[in-house]
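> One structure is given below, represented as structure tokens, and several questions about it will come after.
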Amino acid sequence: MGLEDLFNVVKTRLNVIDGNAADSGSEDKTDKDDSAVRVPKNMLFKCPRCLNVIMTEELEKNLKVCPECGYHARISAPERIKLIADKESFREFDADMLSANPIDFPDYEAKQQTLRDSTGLKDAVVTGECTIRGERCVIGVMDSRYMMASMGSVVGEKITRAFEFATKNKLPVIMFTASGGARMQEGIVSLMQMAKTSGAVARHSDAGLLYITVMTDPTTGGVTASFASLGDIIIAEPKVLIGFAGRRVIEGTIKQRLPDDFQSAEFMLEHGFADMIVERKSMRRTIAHILKLHKTGGAA
Amino acid sequence: MEKLNKLTPYERLEVVRHKGRPTIRDYIPLIFDEFIEMHGDRCFGDDRAIVGGIGSINGIPVTVIAQVKGRNLNENKDSNFAMPHPEGYRKALRLAKQAEKFRRPVICFIDTPGAFCGVEAEKRGQGEAIAKCIIEFMRLRTPVISVVLGEGGSGGAIALGVCDELAVLENSVYSVISPRGFASILWKDAGKEKEACNIMRITAEDMVELEVAEKIIEEPLGGAHNDIGQTAENIAEFLYKSLREKMKIDIDVLLNERYTKFRKIGKFTEE
């Protein structure tokens, strides 16, 4: 029926050679592109959009944006926070929350431990409060290195708590979304996180508070179908993947190759599902500006 | 009383896929005294994967929103195998908001392998349509009761699953993705569907244990298809009881309970 990958749509399409962004766990490792040139890890970056190969060093200097086509490559949550928050202003919430194994999925704990050791993360989202050019706000940043930032109990709980904190303290929320979708290893419990997070967004919104979504690479599946799509203002980074269903699933259904810009930020803008596309170098300024414009708003 | 004929998760999947499995079209005339169907999302079109309208159950007017499986190939073509497009979710939401306006409770029936995956669905914002359904049902100021009739698959199912009380038919399955999709993602082998069924926790009992559902609606021996009348009666009995109960509760209290119902789902530790 072609429903495979419904919630785990990011596969080999956006793998990069530096191994940084491609690791979504063992399920993604089996069908790598045969034509990929094997080079020392971390030295070269092959842009998944324009296929141009550059030195990783050059990419880093350019805020991890492909100098050729402008694709905004994945960055870690700590890197993102450094780019967005005022220096030393970030205070993390729930830093020690760890996932249990709600459906007793085999090897789930071991897999997570391996990822914790290699990424330094505890799960796929980092939440907290900070100031951006002096404006106080709550932020959440998803990190695709951790099980492709799939949403399980911890992601759902941390995001819900971040919204609840913001509602209580009358603060705006900025969510940097990235996700392969629901976390398969937590079964139906992961699906329920869609409702849980959306409920917290509803309360925050009903209090007249601002919620900005920044969709980064890749925003898909159950995250697109819940809190990511619910921002008052939806910003996307250039050339990133945004969509609901898996590209391969759709290609399987229609039996033809989809155009390269299908499910891109630009595609979302064209079809009316994003307000603006903002480059990484202007993101902090843009968000600060929007925050300032909303300062007088909101239910007092 | 423990029944002797408890089926394995995979056997249940076979039961819900049985071609005689009753669909919402079979149940509507048996459960509701009357039913007036409504069409369209007022934006794009009318998605026949979702049927909606006003019904009444023991004299109580309700809004009915349901995913439609076909009973044969022609019906399935017509209803797209119960896989809604964005306009289906927008129709559902329009009817839910209408119910809120007239203070009618909403009854949702879930029976879908998932939301449709296609180019047009993406262009019209499948993700956004589902997200809007979820957030609006979360704060809908009227009671909402949902029933999983057969298959409840993924985001396409939970769009109609945000409710005050969820019941699951005894042999129905509710899952984060179809077992086939699960096997395909985790083991790169869609053929391992049976193994997937065994570890995914998809049965009615699993849903109650994981606090996703509140009730299990009993099916006749062998499955709902063996006695549609009896199954419909069991569903109607549950709905009427649940409606009477939820309609008595102050709406702000009910909304708090609805929030809490989902708020508490999730397993984690804090050091």
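The values are calculated or read from the model by the stated rules, or taken from the named source; none is laboratory data. Just so we're clear, the structure is a prediction, and the values are computed from it rather than from any experiment. Here the Cβ positions follow ideal geometry from the backbone for every residue, glycine too, while neighbour counts run over all protein chains shown.
> Going by the conditions given, is A:Lys64 surrounded by fewer than 24 Cβ atoms within 10 Å (Cβ to Cβ), under 30 Å from B:Glu195 (Cβ atoms) and among the basic types (Lys, Arg)?
no
> Okay, moving on. Given the criteria touching a strand residue (DSSP E or B) at 6+ places or on another chain (Cβ under 9 Å) and either without any contact (Cβ under 8 Å) to a residue 12 or more places away in the chain or within 18 Å of B:Leu169 (Cα to Cα) (or both), does B:Pro29 qualify?
Yes; evaluated as a whole, the condition is true for this residue.
Matching residues to (1) within 14 Å of chain A (Cβ to nearest Cβ); (2) not small (Gly, Ala, Ser):
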{"site": "B:Ala49", "(1), (2)": "yes, no"}
{"site": "B:Ile54", "(1), (2)": "no, yes"}
{"site": "B:Asn72", "(1), (2)": "no, yes"}
{"site": "B:His85", "(1), (2)": "yes, yes"}
{"site": "B:Gly88", "(1), (2)": "yes, no"}
{"site": "B:Leu93", "(1), (2)": "yes, yes"}
{"site": "B:Gly125", "(1), (2)": "yes, no"}
{"site": "B:Ile130", "(1), (2)": "yes, yes"}
{"site": "B:Ile135", "(1), (2)": "yes, yes"}
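> Among residues belonging to region A:84-118 that are aliphatic (A, V, I, L, M) and surrounded by 15 or more Cβ atoms within 10 Å (Cβ to Cβ), point out the one that is farthest from the chain's Cα centre (by Cα).
Of everything passing the filter in region A:84-118, A:Ile103 is farthest from the chain's Cα centre (by Cα).
> Give region B:91-106 a look and list any residue that's closer than 20 Å to B:Val148 by Cα and not small (Gly, Ala, Ser), or say none.
Matches in region B:91-106: B:Lys91, B:Leu93, B:Leu95, B:Pro105, B:Val106.
> Kindly list, by first and then second residue, each pair from a residue in region B:208-236 that is farther than 17 Å from B:Tyr174 by Cβ to a residue that is among the hydrophobic types (A, V, I, L, M, F, W, C), limited to pairs with Cβ atoms under 6 Å and residues at least 6 apart or on different chains.
Close Cβ pairs satisfying both conditions: B:Thr231/B:Ala224; B:Ala232/B:Leu30; B:Ala232/B:Ile31; B:Asn234/B:Ile217; B:Ala236/B:Ile31.
> Please give the helices (runs of 4 or more DSSP H) falling wholly within region B:183-265 in which 1 or more residues are surrounded by fewer than 16 Cβ atoms within 10 Å (Cβ to Cβ), away from every other protein chain (no Cβ under 14 Å) and modelled with pLDDT under 95.
Ranges flagged: B:193-200.
> If A:Leu258 satisfies all but one of (1) among the hydrophobic types (A, V, I, L, M, F, W, C); (2) touching a residue at least 12 places away in the same chain (Cβ under 8 Å); (3) over 26 Å from A:Gly134 (Cα atoms), what's the number of the condition it fails?
Every condition holds for A:Leu258 apart from (2).
> Counting residues that are under 16 Å from the mean Cα position of the chain (by Cα), buried (at least 22 other Cβ atoms within 10 Å of the Cβ) and among the β-branched types (Val, Ile, Thr), which helices (runs of 4 or more DSSP H) fully inside region B:55-163 reach at least 1?
Correct list: B:126-138, B:155-158.
> Quick one: in region B:164-182, of everything that is within 11 Å of another protein chain (Cβ to nearest Cβ) and not in a strand (DSSP E or B), which residue is surrounded by the fewest Cβ atoms within 10 Å (Cβ to Cβ)?
Within region B:164-182, the match that is surrounded by the fewest Cβ atoms within 10 Å (Cβ to Cβ) is B:Arg180.
> Additional query: Can you go through B:Val16, B:Val51 and tell me which one is of a type in the set (A, V, I, L, M, F, W, C), crowded, with 19+ Cβ neighbours inside 10 Å and touching a residue at least 60 places away in the same chain (Cβ under 8 Å)?
Step by step, each of B:Val16, B:Val51 is checked, and only B:Val16 is of a type in the set (A, V, I, L, M, F, W, C), crowded, with 19+ Cβ neighbours inside 10 Å and touching a residue at least 60 places away in the same chain (Cβ under 8 Å).
> Right, another one. Take region A:50-65 and flag every residue that is under 18 Å from the mean Cα position of the chain (by Cα) and part of a loop (DSSP other than H, G, I, E, B).
Result: A:Leu63, A:Lys64.
> Let me ask another. Please return the ranges of strands (runs of 3 or more DSSP E) entirely within region A:160-246 where 1 or more residues are more than 7 Å from chain B (Cβ to nearest Cβ) and surrounded by fewer than 22 Cβ atoms within 10 Å (Cβ to Cβ).
The qualifying strands (runs of 3 or more DSSP E) are A:211-219, A:233-236.
> Next question, about the same structure. Within region A:247-300, work out how many residues are at the interface with chain B (Cβ under 8 Å from one of its Cβ atoms) and either assigned to a loop (DSSP other than H, G, I, E, B) or among the aliphatic types (A, V, I, L, M) (or both).
Selection size over region A:247-300: 9.
> Now for a separate question. If you check B:Gly156, B:Gly161, which single one turns out to be more than 23 Å from B:Ala232 (Cα to Cα) and in contact with a Leu (Cβ under 9 Å, 6 or more places away or on another chain)?
B:Gly156
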